[in-house]
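Here's the structure we're looking at; comments come further down.
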Amino acid sequence: IALDHVDDEEQQYLIGEDSPFRFDVWKFAGFDTVAKSIPRHIRKKIPEDQLKEKRANLETLSGYAPAGRLDIDSTGVLIFTKAGVMARRLIEPKSGIRKEYIVKVQPAVQPTHIERKLGLKNLPRPTRDLKVLFRRGNRLLNERISLKPLVEAEWLDDVTMRFVMVEGKKRQIRRMCRELLGWHVVDLLRTSVGPVRVDSLPEGKWRPLTQEEVTAIFETQPKHPKKSKSRRKSSPASNLNGSN
């Protein structure tokens, strides 16, 4: 689909009130993208005036479905649409749409009860070496299909990482950090999906996609970069695993 040249009628279809490519929203923690509801334990913690505002925003989702998902504990960009062609474009790895994540971590101490039940006896010692994320053949516990190498991965400071990926599995970043790197994720923010960024959009709010964003999504071509190398910043925490 070529959207680089559109007339007024097509523009209205793309970004008007009835556009199926309606909006992106900064998802707040506790919003289940499958149930499209606010869980009871989250509702109890939200002041009544804020809860009314969040409910009003959720009502706006009527008739729209999220293109992809973001787990219940995470926040960030989530695009809703009525158009199957848009959803497929955003979800299918072959589209080459990149997603960026900012992840805060702390050392993973020991396997959780669930991890032990699944057969994980030990976690790796925390490492700041991210080269493993660019390798092919990595598999998470009890997963048959290996992970796709990340596009970019770097440390922003002692406890914050930035990841860019095209294809991801359910809870991949959280599990990847624990099982491959020895870090436990304490906060996960998706800052962008393709050209759509969080920027100044408040948490829990939504806005229509712009014509430029829709055009860029459909114009994106898969990229096949040469073998990447992780970018690392030295810090006192870099000696946690004894070697890098």
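When the square roots of the Cα gyration tensor eigenvalues are ordered a ≥ b ≥ c, the ratio a/c for the range 63-117 is 1.5 or more and a/b exceeds b/c, which makes its shape prolate. For the range 175-182, 3J(HN,Hα) computed residue by residue from phi via the Karplus equation (6.51, -1.76, 1.60; θ = phi - 60°) reads 6, 4, 5, 6, 7, 9, 10, x Hz, glycine and proline entered as x. Look at the dipole of the range 125-213 built from charges on Cβ: of Leu181, Trp155, Ser200, the Cα furthest out on the positive end belongs to Leu181.
Pairs exceeding a 26 Å alpha-carbon distance, out of Lys82/Lys104; Lys117/Lys170; Lys94/Lys121; Lys94/Lys205: Lys82/Lys104; Lys94/Lys121; Lys94/Lys205.
No lab work stands behind these numbers, since they all come straight from the coordinates. On a predicted model such as this, the values are computed, not experimentally measured, just so you know. Glycine also receives a Cβ, built like all others from the backbone with ideal geometry; neighbour counts cover every protein chain displayed.
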